Each structure stands twice: as structure tokens, then as C-alpha cells.
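The values are calculated or read from the model by the stated rules, or taken from the named source; none is laboratory data. None of the values given here were measured: they were computed from a predicted structure. Reconstructed Cβ throughout: ideal geometry from the backbone, glycine too, with neighbour counts over all protein chains shown.
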Amino acid sequence: MYIVTTQQMQAAERAADAAGLSYAQMMENAGRAIAQAIQARFNVQKTPVLILIGPGNNGGDGLVVARYLAEMGGQVTVYLWKRKVEGDTNWALLDQTGVERIWADEPDGPARLGRRLDKAEIIVDALLGTGASRPIEGSLAGLLRQVKSALARRAAAADPSGLIEPARPAERQPGPAVVAVDLPSGLNSDTGAVDPHTLSAGLTVTLAAVKRGHLLSPGLDVVGRLVVGDIGLTPDHYPDTVTLEMATAAKVAALLPARPPSAHKGVFGTALLAAGSKNYVGAAILAGRAAVRVGAGLVDMAVPAAIQPVVAAAIAEAIYTPLPDQDGYIAAAAVHPLLEQAAKAKALLIGSGLSQHGATAAFLKDILAQAAKLPPLVLDADALNLLAKEKAWWQLLPANAILTPHPGEMGRLTGLSTADVQANRLDLAPQMAAKWRQVVLLKGAHTVIAAPDGRLMVMPFANPAMAKAGSGDVLSGTIVGLLAQGLAPFEAAVAGAYLHGLAGELARQDLGVSGVIAGDLINQLPQALRQVRGE
């Protein structure tokens with residue numbers, strides 16, 4: 001599934017038209033896909049639906065949506081803003097339905113709109129498309145203000161009144177669902193910039209490909225749930241400049257290792273984790289438990305000897321390599337015993353809960369000096385923070401290690417501010433992967449994974465329930481567990497990030513957006529694996 005700029009999307013549509021897939025057919029396919037997505041989430045039978053129709057192709061898609069929703073039994077009204085309909089086939093086809101039509105410039109248009117806004121259960125935003133980039137002003141700004149005002153008024157009216165049961169929350173009537181066609185009007189499809197008049201959507205049905213603006217802040221906050229509708233384009237239609245791709249369950253399923261009936265634990269490799277310190281015992285536990293849950297044959301916890309009993313009490317399924325420590329922190333003398341275990345391992349994680357103690361910094365530098373003796377490597381958390389203090393730090397690493405920075409750590413590694421990292425996520429990760437010759441996994445909403453050879457994958461997850469301490473440790477443990485099972489570094493990073501994100505979605509469904517903790521992600525990893533594998 002591609003992620004494209006406006007220019008790339010337009011080029012793909014031109015190529016499809018030249019190959020025989022007409023613009024009219026693409027519009028028909030788009031409208032049908034959007035209507036199907038709405039029907040899949042909401043019951044449109046006898047449901048009041050208001051569709052806001054603009055002047056361009058986005059509005060044309062909206063007319064097709066109106067026809068399909070009417071045929072599905074919806075009570076559909078279209079409100080037309082600056083749309084010319086002479087010779088418009090999709091407009092003529094509405095004559096065969098019971099769709100009510102309101103013109104913005106008729107004398108009682110705004111008043112009629114107001115009455116429909118008070119009754120609509122679904123509002124479809126088909127005003128502006130991907131080509132819109134100018135500030136919203138004039139009559140369109142007035143229209144969107146009217147819609148927002150009506151939504152706010154209905155939300156306020158839904159507050160409980162009358163009899164209240166203090167021991168239980170009162171039932172609230174949800175307001176109308178807002179569905180955006182391709183993207184919410186006022187969202188810049190390339191930059192993610194959001195006009196102040198933009199109507200936030202609960203569901204956005206984008207067409208053919210994800211747009212960059214869907215994934216970039218602040219745009220991702222107004223998109224809601226993102227669904228991609230098929231309009232008939234094939235990979236051959238897209239220009240060669242398209243390099244961004246979004247991960248899907250099918251793609252990840254193809255990466256996962258087979259689990260043959262004849263297998264034994266040696267088939268699925270040993271994951272070695274050099275992790276933990278007296279202040280961050282939990283980080284090592286979370287990473288180790290994730291490596292176990294994702295299917296590594298054996299997990300070897302190389303932790304400071306001082307905390308080994310605590311970690312062992314939490315992970316009965318692991319084996320243990322107590323490392324020499326200095327006051328509860330991994331000491332430089334730990335290099336030799338770790339190298340002994342590394343010779344038996346298929347993958348090594350260094351970082352979770354490591355700390356930035358001076359003794360541990362010396363250990364990290366010395367172990368990386370033995371890079372030729374190390375298995376495939378994952379570096380996370382304080383391993384990255386310690387590296388960032390070294391000049392030309394990437395020259396200390398073997399090629400194709402997996403680096404998993406969050407935006408703050410990425411800022412330290414690059415010398416950029418966190419804000420600059422966030423504003424340039426989709427381009428920065430591949431640039432640094434090529435420069436550093438490493439696989440870079442830039443965490444956050446829509447995690448970005450880049451390989452030194454130019455491969456690039458973006459995760460479909462933006463889940464605030466996962467914004468908790470320890471979530472990153474679960475991710476690094478998941479990745480090293482997959483790496484131990486024989487996946488190549490880029491593939492392990494992609495599969496690990498997807499499973500981690502899906503586990504977060506499952507946890508949010510069970511526990512809500514605030515109550516999820518990092519350990520809940522581990523508990524959901526087996527279910528995420530089952531869903532991806534189709535078991």
C-alpha cells in the first residue's frame with residue numbers, strides 16, 4: 001500500500017486513464033468504496049445522511065457516494081457549494097433516487113442546511129480534495145463554521161439531564177459521525193498542515209493510496225480512523241518516485257517464520273538481551289517477556305548480577321547470564337561473558353534499561369569494538385543515548401544494526417530538535433539510514449522504518465494508549481525475538497513494529513485509551529500473531 005504526494009497521486013491517475021481506466025470509472029469506484037466503508041461501520045438504513053459537496057473531483061466522488069447510500073436505504077441530503085452540475089452524469093443519476101438537494105446560494109440554503117445538521121447522523125465531507133492548499137476563507141469558511149457550530153450545539157445538548165444515577169456514568173448520545181472523502185477539507189495532503197476551519201473526521205476514506213498528510217502532525221489528529229478504498233489503480237500506474245509504503249497484515253504475514261510441527265526450540269533461535277540496571281529493572285523484564293511471547297526459541301537475559309534474582313522471578317521461561325556490575329549497573333568487565341553468550345545467540349539486544357552510568361558506557365564502547373563477533377544487533381534506549389555522545393558514533397557499529405529511537409533520541413543522534421524530527425519524519429529516517437548504514441526505526445505515531453538500501457515502511461498505527469513508559473522496551477524485545485528466528489534486520493523491524501502496534505490496538509479495545517500499560521501489549525502479542533497469521 002503506497003503513501004504518496006499530491007503530485008504522485010495525480011501522475012498515477014493520469015497513467016491509469018491513459019491505460020484505459022477512465023476518470024469517470026475511477027470516480028464511480030471511489031464513490032462505491034466510500035459508501036461501502038460507511039455501510040461497514042454504520043447502519044445507513046433509514047439513517048439521515050448529509051453530504052457536503054464541493055466543486056472538484058472530491059465533490060464528484062460525494063455525488064456517487066450519495067447515490068450508493070440512497071440505494072442502501074439511507075435518507076440522503078446533498079448540500080452543494082459552488083458546484084456546477086450541467087452535463088454531470090453523476091448528478092443526473094441522482095434523479096433516480098430520493099436524494100434531497102440543497103444549493104448553498106439559494107435564499108434559504110443555509111437555513112435548510114441548519115435543519116439537516118440538526119437531524120443528520122452521518123455527515124460526509126466531500127468539499128475539498130488533495131489539490132487544496134490555500135487557506136479556507138469566504139463562504140466556505142462560513143459553511144464550515146456553521147457545521148462546527150451545529151456539532152458543538154448537539155454535543156452540548158447530549159449532556160445528561162434529569163434523573164442521574166451517581167454511581168454510574170450517565171448514558172450519552174453520541175453526535176453525528178463525520179466521514180471525510182479522501183481527507184478532511186483543509187488538511188494539506190503533503191505537509192499535514194491543518195486549516196483552522198477543518199472539520200475533524202471520525203473516519204477518513206482515502207482513495208487508492210495513503211497521503212503523506214494523513215500521517216504527519218497535526219494532520220493525523222483530524223483524520224480519525226483511516227481506511228483505503230480501491231479505485232482500480234495497480235502498482236504499474238504509480239511513478240517510480242513513489243518509495244513510501246504502508247505495512248499491512250498480509251505483508252507482515254509473509255515475513256513471519258514458519259512454525260513446522262517438527263520444530264524444536266533450536267529452530268527458533270536464541271535472543272540475547274543485555275539490559276537492565278538497578279533503576280530500570282522493569283525495562284529488562286518487559287523486553288525479555290516480549291521476546292519470549294513473540295516466539296524466540298530461547299531468551300537469554302544478560303543482566304547485572306545485582307538485579308538478576310528480581311528479573312528471574314518475573315521471567316521463568318528465560319535463562320540467565322548474570323553480568324559483572326558496578327553498584328547495579330553493567331560494568332566494563334561484562335564484555336567477556338557477554339561475548340561468550342553472543343557466540344551462541346542468533347540476535348542481540350543492547351539497551352533496554354541500560355542506564356548511562358560511566359561503567360556501562362565503557363562496556364558499550366568495548367562490546368561494539370568486537371562487532372565482528374556479535375550476532376545481528378538491536379540498539380535501543382540508553383544504548384542510543386550513550387552513542388549520541390560519541391563523535392561519528394555510527395562508525396562504531398556493524399552495518400545493518402537496528403536502531404529504535406523515539407523522536408527525542410533521534411534528535412540527540414542527529415543534532416536536531418525533537419520538533420524538527422517530528423516535522424520531517426518521513427524523509428529523515430531514510431536519509432539517516434543511508435548515511436549510517438543502519439536500519440532506522442523512528443518510533444511514534446505511524447512509526448517509520450528505513451533500510452540503508454532505500455526500502456521504507458510506515459506503520460498504520462497512531463494509538464495514544466501506547467504512550468506509556470515501557471512500550472518501547474516491549475517493541476525492542478519483540479524485534480530481537482523475531483531477529484533470533486531468522487528474519488533479516490529490516491524485515492524483523494517491520495514485523496516487530498506491526499505486531500507491537502496491533503497488540504496496542506487490541507489492548508485499547510479491551511482497556512480503553514488511558515488504562516493500557518506496557519505489560520498489556522505483551523499479553524496481546526499472541527493474539528496479534530494469531531490475527532496476522534489468520535489462525
Open item on the list: For region 37-78, give me each residue that is closer than 17 Å to Leu207 by Cβ and either hydroxyl-bearing (Ser, Thr, Tyr) or not assigned by TED's automatic domain parsing to the domain that holds Ala208 (or both).
Closed with: Tyr68
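Conditions tested, residue by residue: (1) out of contact with any Ser or Thr (no Cβ under 6 Å at 6 or more places or on another chain); (2) crowded, with 21+ Cβ neighbours inside 10 Å; (3) not aliphatic (A, V, I, L, M).
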{"position": "Thr191", "(1), (2), (3)": "yes, no, yes"}
{"position": "Ala201", "(1), (2), (3)": "yes, yes, no"}
{"position": "His214", "(1), (2), (3)": "yes, yes, yes"}
{"position": "Asp230", "(1), (2), (3)": "yes, no, yes"}
Task: Test: residue in region 213-228 that is closer than 21 Å to Gly477 by Cα and in a loop (DSSP other than H, G, I, E, B) - done: no
Task: Tally of residues being in a loop (DSSP other than H, G, I, E, B) and within 21 Å of Ala334 (Cβ to Cβ) across region 364-417 - done: 12
Open item on the list: Need pairs with beta-carbon distance below 9 Å; first residue assigned by TED's automatic domain parsing to the domain that holds Ser352 and within region 276-293, second aromatic (Phe, Trp, Tyr); sequence gap 6+ or separate chains.
Closed with: Ser277/Tyr329; Lys278/Tyr329; Asn279/Tyr329
Open item on the list: Go through region 58-82 and report how many residues are assigned to a loop (DSSP other than H, G, I, E, B) and either at pLDDT below 95 or of a type in the set (Val, Ile, Thr) (or both).
Closed with: 1
Task: Residue under evaluation Arg168, criteria (1) free of Cβ contacts under 8 Å to residues at least 40 places away in the same chain; (2) of a type outside the set (Gly, Ala, Ser); (3) within 27 Å of Val44 (Cβ to Cβ), criterion not met - done: (3)
Task: Which numbered condition Leu386 misses (of (1) among the hydrophobic types (A, V, I, L, M, F, W, C); (2) surrounded by 16 or more Cβ atoms within 10 Å (Cβ to Cβ); (3) free of Cβ contacts under 8 Å to residues at least 24 places away in the same chain) - done: (3)
TODO: Report yes if some residue within region 416-435 is over 26 Å from Gly213 (Cα atoms), crowded, with 23+ Cβ neighbours inside 10 Å and touching a strand residue (DSSP E or B) at 6+ places or on another chain (Cβ under 8 Å); otherwise report no.
DONE: no
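Residues are listed down the side, and each one gets a yes or a no for (1) among the basic types (Lys, Arg); (2) closer than 26 Å to Val228 by Cα:
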| residue | (1), (2) |
| --- | --- |
| Lys435 | yes, no |
| Ile449 | no, yes |
| Asp453 | no, no |
| Ala467 | no, yes |
| Gly470 | no, no |
| Val474 | no, no |
Open item on the list: Out of everything in region 451-466 that is more than 15 Å from the chain's Cα centre (by Cα) and of a type in the set (Gly, Ala, Ser), what residue ends up being surrounded by the most Cβ atoms within 10 Å (Cβ to Cβ)?
Closed with: Ala451
TODO: Take region 233-292 and flag every residue that is part of a loop (DSSP other than H, G, I, E, B) and among the charged types (D, E, K, R).
DONE: Asp240, Arg259, Lys278
TODO: Please tell me if Ile34 is in a strand (DSSP E or B), crowded, with 20+ Cβ neighbours inside 10 Å and in the same structural domain as Leu143 (by TED's automatic domain parsing).
DONE: no
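Every residue, every condition in (1) within 18 Å of Phe42 (Cβ to Cβ); (2) aliphatic (A, V, I, L, M); (3) over 16 Å from the mean Cα position of the chain (by Cα), yes or no:
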| site | (1), (2), (3) |
| --- | --- |
| Leu203 | yes, yes, no |
| Ala208 | no, yes, yes |
| Leu216 | no, yes, no |
| Gly219 | no, no, no |
| Val227 | yes, yes, no |
| Asp236 | no, no, yes |
TODO: Return yes when Ala469 is of a type in the set (A, V, I, L, M), in contact (Cβ under 8 Å) with a residue 12 or more places away in the chain and surrounded by 16 or more Cβ atoms within 10 Å (Cβ to Cβ) and no when it is not.
DONE: no
- [ ] May I ask you to list the residues in region 92-147 that are small (Gly, Ala, Ser), part of a helix (DSSP H, G or I) and either touching a residue at least 40 places away in the same chain (Cβ under 8 Å) or in contact with a Phe, Trp or Tyr (Cβ under 9 Å, 6 or more places away or on another chain) (or both)?
- [x] Gly109, Ser139, Ala141
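So that you can scan it fast, the table gives a plain yes or no per residue for (1) outside the structural domain of Gly219 (by TED's automatic domain parsing); (2) modelled with pLDDT under 95; (3) over 15 Å from Ala381 (Cβ atoms):
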position: Ala399; (1), (2), (3): yes, yes, yes
position: Pro407; (1), (2), (3): yes, no, no
position: Leu413; (1), (2), (3): yes, no, no
position: Thr418; (1), (2), (3): yes, no, yes
position: Leu442; (1), (2), (3): yes, no, no
position: Met459; (1), (2), (3): yes, no, yes
position: Gly470; (1), (2), (3): yes, no, no
TODO: Look through Thr447, Thr478 and report the one residue that is within 19 Å of Gly408 (Cα to Cα) and crowded, with 20+ Cβ neighbours inside 10 Å.
DONE: Thr447
